[in-house]
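Student: After the structure tokens below, expect a handful of questions from me.
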Amino acid sequence: MSLPAELPYRHGKPLLPSLMARLRLLNPYTLVVGSVFTLLALPLVATLFYALATRWGASLTPDGLTIKWFIELWATPRFLAAFGRSILIAVSALILSLILIVPVVFLAHTRYPRLDNLMNGLILLPFAVPPIVSSVGLLQLYAGGPLPIVGTPWILIPTYFTIVLPFMYRALANSLRALDVASLMEAAQLLGASPLKAFFLVVLPNIRIGIQIAVFLAFSFLAGEFVFANMLVGTRFETLQVYLNNIRGASGHFTSALVITLFVFTLLLTWLGNRQPATEGQPVDEADDTLSGTDLTAPIHNVTPDADSRGTR
Amino acid sequence: MLATDTSSSALAIQRDDTQREGGLLTSALRERAADQHYLKLSGLAKSFGSTRVFSEIDADIARGEFITLLGPSGCGKSTLLRAIAGLNNVDAGQIIVNGHDITHLPPQRRGIGMVFQHYALFPNMRVVDNVAFGLRMKKVQPEERERRVNEILRLVELTDHAQRFPHQLSGGQRQRVALARALVVEPQILLLDEPLSALDARIRRHLRDQIRDIQKSLGLTTLFVTHDQEEALLLSDRIFLMHQGRILQQGNAEALYTRPVDATAAGFMGHYNLIGRELAQPLLGYLSDGPRVALRPEALYLQPDSSLYGLQDSQVNFPTQALPSNSGPACPGVIRRHQLLGNIVRYEVDCQGLRLNIDVLNRSSRQLLPTHLRVQVYADLDEVQALADIPAASPTAKQAS
Amino acid sequence: MMPPRLKRWITSPVMWLLPFAIIFGAFQIAPLVWVMISAFKTPDGWGLAHFHEIATSAFFRQAIGRSLEISFMSSVLGLAIAAVTCHSMHRCGPRLTRAMIAFTNMTSNFAGVPLAFAFIILMGANGMLTLMLERIGIIDDFNLYSRTGLIVIYTWFQIPLGILLLYPAFGTLQSEWREAASLLGAGRVAYWKHIGLPVLWPSLAGTLTVLFANAMGAYATVYALVNTSYNLMTIRIANLVSGDLFLQPELASALALVLVVILVIVTLIQQWLMRRSYHVTSR
Ligand SMILES: Nc1ncnc2c1ncn2[C@@H]1O[C@H](COP(=O)(O)OP(=O)(O)OP(=O)(O)O)[C@@H](O)[C@H]1O
Ligand SMILES: [Mg+2]
């Protein structure tokens, strides 16, 4: 009767483990979460099965299991080339992003605090403007004129910089704020380091983990990007997503193997990004109202004890 | 100020009704008997998984009584309160209010009001709406609702803040809103779970008195949970001393304070000194018949042994206490520490290897006794309290008075 | 050695902001501005001809209508499912909750083309689920490439995003509010009506807006699924600038501007509604 009030107390030590486990399964809340979990997993599981099936006609079960589709995939030069291109583009875009964003985020947290407010507004743009809208403008602006880069990878790199900007900036800003970078810089400069030196010797090593996480998450995000790649470049520089779209005529098992490979790749990157102990269990708790669900939060880490001494070198 | 015009509560009306209808002496007597056993807890027990929170809780509470549940952290006070409110179920036992078994009623239908430690005000509602919520749920007419809300807000002195949101109020104000919200529906029983613990000392004192006044004027049967001994002693008609899920002792303040049933009760109330066999002979002059006796700190007396140190009375004005008529032998000791507790000073004295707490009135004309000073300790033998030789978690609760 | 003036100029901090400003301006702001301007460019000067065309063409009106319909349906459904899930996540074991968070983190990145393929395998004409449900007799003809099919697949990618955005908000609901309400006579329904939903309302409205914008701008999934055969705004826009037939970039800009304006209006409505509700932030 007073059941609802009991619910927060579910984590007590079970008296009879098996009985408790059974009761837990029956609990409507577990049921809901379990069903949604299943619902979300269903397309992935189906694809995985399909990728592992020898043949799957109009029956409910596959005829046999095999990994030949994966072997075939990994022996396809076009796939490997597309994979290579995707990685190349993503890495270039990330390097460019770091070069462009790090100074801005750093100055916004040391010299120009008002810049941070401006940036927090600016980084909403890539979220608010759908890629398809941007690509209309990009296609016209860079098809000819002084910078005819449509159809080449060169247009993707700066465009990708704009779409990873929001979470790169957020992640870096969070690390810097956690570091209290302004006083750290002051301390380093009092000890005789030039601003540039102080930045490279004191700040950078301390936000390394923040950068690393931002980079991995941005990477996994870019690996899944299709709209710009297809609209701006298309088959002329075929990335993985575009390749996947272009082989729609191929065997379903083969494309399934590709889908699973892509998913595992993203998974790996997400996992690498979240691996640090500092981020454990955090990402979702700080998800932001205004931004998309991509993990924009960086870990909060402490200044390492020897930070000051490092600055004196 | 705390208007008695609000005593037109359901309780009062109810009482009038029964008297009019009965009119006979017997019914009046029955009525009084029912009042004596207004809230009855019998054999209540509750476990979470394998951890037993409380068991064998028996209590009989009269109508209008103010009961304090006092006990150390984790002894099950909150859980017991929540069980009475219906927020937890119980594994065994019965809760009977005014002759009706409410053990299995949902909280909505128990007619019990509760004030939570952290207020639990609804953040999306203004103070008036928070207070009016219970009346709305009862479908009270808007005019009547407004009247009662205004009345209760006046009672808790919050009329000026009626249009504020909870986050715009101070802690004490929030707590008064919580109180008003619980009171406005005129509950049969009011439960307060450490309602004052998040407040600073001054507001705490003020609100404490306010709660007591309102409770008296409305004649509410009240259970009040606290950690604070002083609060319990000041407020309650009776105190239930809880320990490890049992009611160790119940009785009025005087009984609990002066006659603890056992070592645990003595340890919790009044900072009793427990005196074992080793000290009984030197301090009391006899071997105690029980294994343990207890002495309150104010039942011990100090005399500085100044001669030993060559201190002159003219130079240092130490307190000299008149010894009680029936004092024990002088027992030598050394002062280890002292604590200033406002009007009294509590000395910790090493006496034959045991620590004793001794309270002395703090007079500005006299100096404190310095640490390491040798003293003589005397016990007031009339105050020696024999304790039951029962381990801390006694299986049966004791009635002290 | 550099001349000192050049050196000072290079090391001046503003210098470091310049590359960022240039690239961001050129690849984020300029395209948007270009869209805004060219939308008003007509063969004979400036005007609203493209908007007029959009407003009068049944084809474009259908695209807008369908985009709005699918986005609205999928974001409401996604929000509802996400809300119920978040509520349950706060009330089931911590292990399951953690697994769910990790999983939604993963799936929120799994969208676009791969998702479309996964759905074809699951729910296409010969999809596993389609076959299974047809055998059981629950459905007799499910078409993934239809309105219903698109709503299903859109809802699927809205759920994880909704969960990620709403989960923290549900954490702010205190069990004591519910207990206090129940002691004051409120049942489950009254609690949600008077306390639960009003407290969550700002988060729900904000999340709905984000989901709606997400669906309105979605292109990859539906393109991979139906190519250009289902009439949606994003499909039309893309087709006008990169189709095989004649291209009409100005018309594309106008339609893109309509899309942006719709998103702006929705955001403004949400902000307006929020201002009228109480603010959790100032707790
Ligand atoms: N939901 C629960 N699940 C498991 N154990 C619980 C639960 N609630 C309380 N307990 C346990 O029950 C015991 C009593 O808890 P309770 O909250 O009643 O103590 P309390 O006397 O109110 O303490 P405090 O003075 O600190 O508030 C504690 O040991 C606690 O750990
Ligand atoms: Mg408690």
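Student: How large is ³J(HN,Hα), in whole Hz, for each residue of the stretch B:196-202 in order, when computed from phi with the Karplus curve 6.51 cos²θ - 1.76 cosθ + 1.60 and θ = phi - 60°, using x for Gly and Pro?
Tutor: Taking θ as phi minus 60°, the curve returns 10, 5, 8, 10, 7, 4, 6 Hz for the stretch B:196-202.
Student: Computed on protein heavy atoms with a 1.4 Å probe, what is the summed buried accessible area for the chain pair C and B, in Å² to the nearest 100? Intermediate results must be reported in sequence, preceding the final value.
Tutor: Working: alone 17260 and 19250 Å², together 34510 Å².
Using a 1.4 Å probe on protein heavy atoms, the buried area is about 2000 Å².
Student: Just check chain C against the gyration tensor rule for me: Cα atoms, a ≥ b ≥ c as the square roots of the eigenvalues, rounded for a/c under 1.5, and otherwise prolate or oblate depending on whether a/b exceeds b/c. Intermediate values should be presented prior to the final figure.
Tutor: Working: a/c = 1.78, a/b = 1.22, b/c = 1.46.
Here chain C falls in the oblate category.
Student: Tell me the accessible surface of C:Lys193 in square angstrom (1.4 angstrom probe, heavy atoms of protein chains only), to the nearest ten.
Tutor: Approximately 140 Å² of C:Lys193 is accessible to the 1.4 Å probe.
Student: With the other protein chains left in place, how much accessible area per residue, in square angstrom, belongs to the stretch B:37-267 at a 1.4 angstrom probe? Mind dumping the intermediate values first?
Tutor: Values: 8210 Å² over 231 residues.
Ligands and nucleic acids excluded, the result is 36 Å² per residue.
Student: Moving on to the next point. Per residue of chain C, what 222 nm ellipticity follows from adding -39500 (n - 2.57) for every DSSP H run with n ≥ 4, rounded to the nearest 500? Each step should come with its number before you reach the end.
Tutor: Values: 15 runs with 207 residues, N = 283.
So the helix-based figure for chain C works out to -23500 deg cm²/dmol.
Student: What figure, in Å² to the nearest 10, do you get for the accessible area of C:Ile81 with a 1.4 Å probe and non-protein molecules left out?
Tutor: For C:Ile81, the solvent-accessible surface is approximately 50 Å².
Student: Also: Using a Förster distance of 51 angstrom, determine the FRET efficiency expected from the C-beta separation of B:Thr258 and A:Val45, and round it to 0.05.
Tutor: Calculated transfer efficiency: 0.10.
Student: If amide hydrogens are placed 1.01 Å from N in the peptide plane, which non-local residues have theirs closer than 5 Å to the one on A:Ala53?
Tutor: A:Thr66
Student: Another question, if that's okay. Within 10 Å of each Cβ of A:246-257, how many other protein chain Cβ atoms are there on average? Intermediate results must be reported in sequence, preceding the final value.
Tutor: Working: counts 1, 1, 7, 0, 0, 0, 5, 1, 0, 6, 5, 0.
Mean shielding by partner chains, rounded to a whole number: 2.
Student: Hey, for a label at B:Arg202 modelled as a point 7 Å past Cα toward Cβ, could you say which residues of the stretch B:320-342 have their backbone N under 17 Å away?
Tutor: Residues passing the 17 Å test: none.
Student: With a 1.4 Å probe on protein heavy atoms only, tell me which residues of the stretch B:174-223 lose at least 20 Å² of accessible surface in the complex relative to the chain by itself.
Tutor: Those residues are B:Arg181.
Student: Which shape class, rounded, prolate or oblate, goes with the stretch C:149-283 when its Cα gyration tensor gives a ≥ b ≥ c as root eigenvalues, a/c under 1.5 marks rounded, and past that a/b bigger than b/c marks prolate? Each step should come with its number before you reach the end.
Tutor: Values: a/c = 4.10, a/b = 2.43, b/c = 1.69.
Prolate.
Student: Picking from C:Leu77, C:Leu263, C:Leu48, which is most flexible by a Gaussian network model of chain C using Cα springs under 10 Å?
Tutor: C:Leu48
Student: Just how far, in whole angstrom, is the stretch B:88-128 from the stretch A:57-134 if you go by their alpha carbon centroids?
Tutor: That distance is 54 Å.
Student: Could I ask something else about it? Let me make sure I get this right: for the stretch C:20-100, a, b and c are the square roots of the gyration tensor eigenvalues over alpha carbons, sorted descending. Under 1.5 in a/c it's rounded, otherwise prolate if a/b > b/c, else oblate. Which is it? Could you put the intermediate results ahead of the total?
Tutor: Values: a/c = 6.74, a/b = 1.84, b/c = 3.66.
Oblate shape, in that a/c is at least 1.5 and b/c is the bigger or equal ratio.
Student: Let me ask you something else. Note down the nm distance, to one decimal, between modelled labels 7 Å out along Cα→Cβ at B:Leu341 and at B:His271.
Tutor: About 0.3 nm, to one decimal.
Student: Let me ask something else. Step through the table entries B:Lys139/C:Lys193; B:Lys40/B:Lys77; B:Lys138/C:Lys193; B:Lys77/B:Lys138; B:Lys46/B:Lys77, compare each Cα-Cα distance with 19 Å, and write down the pairs that go over it. Don't skip to the end; give the middle numbers.
Tutor: Values: B:Lys139/C:Lys193 15 Å; B:Lys40/B:Lys77 16 Å; B:Lys138/C:Lys193 15 Å; B:Lys77/B:Lys138 29 Å; B:Lys46/B:Lys77 12 Å.
From B:Lys139/C:Lys193; B:Lys40/B:Lys77; B:Lys138/C:Lys193; B:Lys77/B:Lys138; B:Lys46/B:Lys77, over 19 Å: B:Lys77/B:Lys138.
Student: Using only the heavy atoms of the protein chains and a 1.4 Å probe, how would C:Met73, B:Met114, C:Met106 rank by accessible area, largest first? Walk me through the numbers before you get to the answer.
Tutor: Numbers: C:Met73 80, B:Met114 15, C:Met106 45 Å².
Highest to lowest solvent-accessible surface, that is C:Met73, C:Met106, B:Met114.
Student: Let me ask something else. Show the residues, 5+ positions off or on another chain, whose built amide H is closer than 5 Å to the amide H of B:Arg336.
Tutor: Close amide H contacts, sequence-distant or interchain: B:Glu348, B:Val349, B:Asp350, B:His372.
Student: Hey, rough spin-label estimate for B:Asp160 and B:Leu234, points 7 angstrom out along Cα→Cβ, what's it come to in nanometres?
Tutor: Taking the simple label geometry, B:Asp160 and B:Leu234 are separated by 2.4 nm.
Student: Would you tally the net charge around B:Ser325, using a Cβ to Cβ cut-off of less than 15 Å, leaving B:Ser325 out, and scoring K and R as +1, D and E as -1? Write down the numbers at each step before the final one.
Tutor: Numbers: positive: none; negative: B:Asp380, B:Asp382, B:Glu383.
Counting the neighbours of B:Ser325, the net charge comes to -3.
Student: Using only protein heavy atoms and a 1.4 Å probe, report how much of B:Cys351 is accessible, in Å² to the nearest 10.
Tutor: Looks like 0 Å² after rounding.
Student: Short version: ³J(HN,Hα) in whole Hz for each residue of the stretch C:20-29, in order, from phi by Karplus 6.51 cos²θ - 1.76 cosθ + 1.60 (θ = phi - 60°), x for Gly and Pro, what are they?
Tutor: So the Karplus estimates, Gly and Pro as x, are 4, 4, 5, 5, 4, x, 6, 10, 10, 7 Hz.
Student: May I pose another question? Most mobile of C:Leu257, C:Leu184, C:Leu268 per a Gaussian network model of chain C (Cα springs, under 10 Å)?
Tutor: C:Leu184
Student: Can you list the residues of the stretch C:12-27 with backbone N under 20 Å from a point 7 Å past the Cα of C:Leu247, pointing along Cα to Cβ?
Tutor: Of the residues in the stretch C:12-27, C:26-27 have backbone N under 20 Å from the label point off C:Leu247.
Student: How many square angstrom of accessible surface are buried between A and C, both sides summed, with a 1.4 Å probe and rounding to 100? Don't jump to the answer; show the numbers that get you there.
Tutor: On the way: alone 18040 and 17260 Å², together 27810 Å².
The A and C chains share an interface burying roughly 7500 Å².
Student: Let me ask another. Taking θ as phi - 60°, what are the ³J(HN,Hα) couplings along the stretch A:36-42 by the Karplus curve (6.51, -1.76, 1.60), each to the nearest whole Hz, with x for Gly and Pro?
Tutor: Residue by residue, the stretch A:36-42 yields 5, 4, 4, 4, 6, 7, 3 Hz.
Student: Further, regarding this structure: Under a point spin-label approximation (7 Å from Cα along Cα-to-Cβ), what is the C:Asp141-A:Val264 distance to one decimal in nm?
Tutor: 4.0 nm
The values are calculated or read from the model by the stated rules, or taken from the named source; none is laboratory data. No experiment lies behind these values; they were computed from the predicted model shown. Backbone-built Cβ (ideal geometry, glycine too); neighbour counts: all protein chains shown. Accessible surface areas use protein heavy atoms only, side chains included; no ligands, DNA or RNA. Shrake-Rupley method; radii C 1.70, N 1.55, O 1.52, S 1.80 Å.
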